[in-house]
Amino acid sequence: MKSRRSFIKQSTMLAGVSFLVAGRGRWSPALGFGVDAASIERFRSKLSGRLILPSDADYDATRAVVSQNPETDKRPAIIARCKSEQDVLRSIDFAHENELEVAVRSGNHSFLGWGTCDRGIVIDLSPMKSVTVDPASKTALVSTGSNAGEILASTARFGLAPVLGECPTVGAGLALGGGLGWLSGLHGATCDNLLAARLITADAKILDVDDRRNPDLFWATRGGGGNFGVATQFQYRLHPVGGVLAGSFIYPVKLARDMFRAFRDLMSIAPDELQAECQLRTDRGGQFCVEFVYSGDLARGENLLNQFRKIHPPDHDSLKRRAYADLYTMGDWEESWKFEFLKATYVERVSDELIDVIVDRFAQRPLGCETAFNFDHYMHGQVCRVPENATAFSLRKPDAVQLGFWTQWKIPTDASRCMPWVNETFRLLQPYAGGRIYANYMASSGPQAAKSVFGPNYERLVAIKTKYDPTNLFHLNPNIVPQSEHE
Ligand SMILES: Cc1cc2nc3c(=O)[nH]c(=O)nc-3n(C[C@H](O)[C@H](O)[C@H](O)COP(=O)(O)OP(=O)(O)OC[C@H]3O[C@@H](n4cnc5c(N)ncnc54)[C@H](O)[C@@H]3O)c2cc1C
C-alpha cells in the first residue's frame, strides 16, 4: 500500500471527529457500559499511561482509526494508552474483571478498524516507543508502539534497515500479519526477519519467544496476526542499505491499460533488487503512476529502468539516486479527503482480462469520490523462496500481487455513494482472485476468511490458539477460533 499516510494520521483523526460526533451523542461510561466509576478510578491509579473515557475532550480523536468510515466508527468504553508492560498486564486484568471486549492497537492502520471496538477496552500500545540498535549484530530491539518511520530513522544512522512496509505510520500489526515492503524481494517478509518477540498472553503472562523459547508461539507470531497475545517487543534482523534508485513515472490515464501490462511484464522478470508499485488514481485530475525502488548496483538499475522509460516517455519522472532512509518522504500525495473505505484482494496472476476489469471499473467510479486502484507487493525473490510452513505467513506465490482499491470523500453523507462502489468492485474481482487473503489487507472477517488467510497453516494455528488463548480474548484480528469454541 502506498506511503501516502506519512502526513495524514493527525488530519484523519481531526477529520473523523466531526463525522463521529455528528452521528451519536455523549454518555457516561459508568452508566453506559456497566463499568463502575470506582473500578475505573482504581485502574487509572495503577496505570503509568493515560486512561481516556468518553467524557474526555480527546476521546473522539483517540477512538478514531486511520480508515474512518461508518463501519469503523466504534465507541469503546475505555482507551488505555499503555506506557509499559505493567500497563498492558493491568489492562488485561481490567478487561477480565469487567468482561470487556478487547481491541489491541499499535499503528491503528487496520482496514477493518480492529484497533477499536464498541463498549470494550482499547489497549493502545502507541505510547510504548523505543528502538535500540546493535550495529555489531545488525539487530534492533523495538517496543511495539514504534512505527516503521521511527524504526527506520533509528537504524538508518548505522546504515542499516529493517524489512518493513512502504508506509511510515504503520505499526506492529505489519510484522504480525507477515509484512511486505521494498526489501522483500531481497530479504523476505518482515516476519522472516523477526528474530524474537515478547508477548503478554490472555492469562496475563509475559513470554519471550524465539527459536528456543516457546518456539510454537514464535512460529505463530510470524504471520498469525494478533491472535496469541499482546506483542510488546520485537527483535528485528537489519540489513546494510546505502543509496537506492527510487522515484516514480507518471502517465496520463489513457495509457493505464498499456502501462498496467508493462508493469506486470517488467515485474515478472524483475531481479530481487527491484520492487515497484503502480496505481491508477483520480487525484490531480487522474493519472497512472509507477513507483520504483531498486536496492542493488545502481548503474544496473538505471539501465533496467531506462528500458521501461522507453515504452512510453512519462509526463513526470522523479526517478533518481536517493538514500534508503529517505524513501518514506518520497510520496507527494494530496491531502484532500477525510473519510476512506478500502479493500484489497490477493490476485495470484495478473491477466489482461483482470486489467480490463480494473480500467473499466475505474471509469465507472462514483463522481465526487477520490478513487484508486493499486498493484502492491509484486511477489518475487526471497519472500517466495521461504517454505510456506516455515512461519505462519504462507502467501508466497511468485507473480501474485495485492490489488488494493478505495474511495475517499469529504462529507459524511457521501459514504452512501462511495462505499458501495468498493463493495461491488470487490465482488467483480473475485473471479480473478485465487481464494487466498493477505492478513494485513483483509476486507472481511469471520472463520472462512481466517482459513483463506492461513491456508495450509490453519490447523496448526488452531492448536496454538487453543493452548494460549482458549477463550478467544484476542479476536479483533484475522481470528483463529480456538477448539473450545468449535465444540
Ligand atoms: C496506508 C497503509 C499502508 C500500508 N502499507 C503496507 C505495506 O507496505 N506492507 C504491508 O505488508 N502492509 C501494509 N499495510 C497493511 C498493514 O500492515 C496492516 O493494516 C497492519 O495490520 C497495520 O498494523 P498497525 O499496527 O498499524 O495497525 P493496528 O490497527 O493497530 O493493528 C492491526 C492488527 O494487529 C493487531 N495488533 C497491532 N499491534 C499489536 C500488538 N502489539 N500486539 C498484538 N496485536 C497487535 C491489532 O489488534 C489488529 O488486529 C498498509 C496499510 C495502510 C492503511
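Only the coordinates and a few stated rules stand behind these numbers; no lab work does. None of the values given here were measured: they were computed from a predicted structure. Using ideal geometry, Cβ is built from the backbone for each residue, glycine included, and neighbour counts are taken over all protein chains shown.
Tabulated data
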| quantity | calculated |
| --- | --- |
| Out-of-range pairs (alpha-carbon distance over 22 Å; input Lys397/Lys465; Lys74/Lys338; Lys205/Lys465; Lys74/Lys467; Lys343/Lys410; Lys343/Lys397) | Lys397/Lys465; Lys74/Lys467 |
| Where only alpha carbons of the stretch 366-487 are counted, the Rg and the Dmax (Å) | 17.3, 50 |
| Vicinal HN-Hα couplings computed from phi for the stretch 275-285 (Karplus, 6.51 cos²θ - 1.76 cosθ + 1.60; Hz; Gly/Pro x) | 10, 8, 10, 9, 8, 9, 8, 8, 5, 6, x |
| Value of Rg/Rh across the chain [Cα atoms, Kirkwood radius] | 0.96 |
| Cleavage-rule hits (trypsin sites (Lys or Arg not before Pro)) in the stretch 159-260: DSSP loop, at most 10 neighbouring Cβ within 10 angstrom | Arg212 |
| Residue-wise HN-Hα coupling along the stretch 175-182, computed from phi with Karplus coefficients 6.51, -1.76, 1.60 (Hz; x: Gly, Pro) | 5, 5, x, x, x, 10, x, 4 |
| Sparse-neighbour loop sites [GluC sites (Glu not before Pro); the stretch 56-101; at most 11 other C-beta within 10 Å; DSSP] | Glu99 |
| Percentage, to the nearest whole number, of Cα pairs in the stretch 335-410 over 17 Å apart | 55 |
| Where trypsin sites (Lys or Arg not before Pro) fall in DSSP loop in the stretch 397-460, at most 15 other Cβ within 10 Å | Lys410 |
| Where only alpha carbons of the stretch 243-441 are counted, the Rg and the Dmax (Å) | 17.1, 51 |
| C-alpha center-to-center spacing [the stretch 434-487, the stretch 281-353] in angstrom | 33 |
| Sequence of Cys117, Cys191 once ranked by neighbouring C-beta atoms within 10 Å, starting from the fewest | Cys117, Cys191 |
| Unpartnered cysteines - no second Cys beta carbon under 4.7 Å - across the chain | Cys82, Cys117, Cys167, Cys191, Cys278, Cys289, Cys384 |
| Residues whose placed amide H lies under 5 Å from that of Met128, excluding near-sequence neighbours | Gly145 |
| Average Cα contact separation per residue, the stretch 166-280, under 8 Å, 6 or more apart, as relative contact order % | 27 |
| Relative contact order for the stretch 221-293, counting Cα pairs under 8 Å that sit 6 or more residues apart, in percent | 37 |
| ³J(HN,Hα), Karplus 6.51/-1.76/1.60, whole Hz, each residue of the stretch 384-396, x for Gly, Pro | 8, 8, 6, x, 5, 9, 5, 9, 5, 7, 10, 7, 10 |
| Pairwise centroid distance, computed over Cα atoms, of the stretch 79-129 with the stretch 402-418, Å | 27 |
| P(r) tail fraction, the stretch 131-240 - alpha-carbon pairs more than 23 Å apart, % | 20 |
| Whole-number percent relative contact order across the chain, with pairs defined as alpha carbons under 8 Å at least 6 apart | 16 |
| Cβ-Cβ FRET estimate between Ala136 and Ala299, R0 fixed at 30 Å, reported to 0.05 | 0.45 |
